[in-house]
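The values are calculated or read from the model by the stated rules, or taken from the named source; none is laboratory data. The model shown is predicted, which means the values in this text are computed figures rather than measured ones. Virtual Cβ from ideal backbone geometry, glycine too; neighbours counted across all protein chains shown. To get the accessible areas, we keep the full protein, side chains included, count just its heavy atoms, and leave off ligands, DNA and RNA. Shrake-Rupley method; radii C 1.70, N 1.55, O 1.52, S 1.80 Å.
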Amino acid sequence: MHELSICRAITKLVECHADGSTVRIVRLRVGELRQIVPDTLAYCWGLVTEGSDLESAALEIERVPAAIRCAGCRHVHTLTEPILVCPECQGRDVEIVSGEEFLITSLDLMEV
Ligand SMILES: [Zn+2]
């Protein structure tokens, strides 16, 4: 389950940035093209942080819809299905403009 290793990587980053402060919320932005199941990620987060300093930290996951831009007609299309074809001109020369994000956008720290 690769969500588990992702969560381990996140905890390392978060611990580094929190620098000893108590973390309340960790916000993530995850593109829909990423093979990540938010529920599984949240579940793994619970496993990985159990008994650690991050045990009380909540994970908030923002999903970013996938979008493509057509090289032929410049049309930008938000994908509802993972089909990389321009709906305007049926062109297949498309570029992915969003949906591949995976980043920590912010941390909420406890006021001391
Ligand atoms: Zn097109």
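Over the residues of the chain, the helix contribution to mean residue ellipticity at 222 nm works out to -8500 deg cm²/dmol, using -39500 (n - 2.57) for each DSSP H run of at least 4.
When the accessible area of the chain is split by element with a 1.4 Å probe, what percent falls to carbon and sulfur? Taking all protein chains in place, the chain shows 49 percent carbon and sulfur surface. Helix 2-18 and the long axis of the chain differ in direction by around 60°, with both axes built from C-alpha atoms. With θ taken as phi - 60° and the Karplus curve 6.51 cos²θ - 1.76 cosθ + 1.60 applied, the whole-hertz 3J(HN,Hα) list for region 33-42 is 7, 6, 7, 10, 9, x, 4, 5, 4, 5 Hz, x standing for glycine and proline. Compared with the alpha-carbon gap, the fully stretched path from D108 to I25 is longer by 29.4 nm at 0.36 nm per residue. Measuring how big the chain is from its alpha-carbon positions, Rg and Dmax come out at 17.6, 57 Å.
Shown here is the pair-distance distribution of region 24-80: with all Cα-Cα distances grouped in 10 Å bins from zero up to the longest one, the shares run 21, 38, 22, 13, 6, 1 percent. All other residues whose Cβ lies under 14 angstrom from that of P38 are scored, Lys and Arg at +1 and Asp and Glu at -1, for a net of -2.
Rolling a 1.4 Å probe over the heavy atoms of the protein chains gives the chain an accessible area of 63 Å² per residue.
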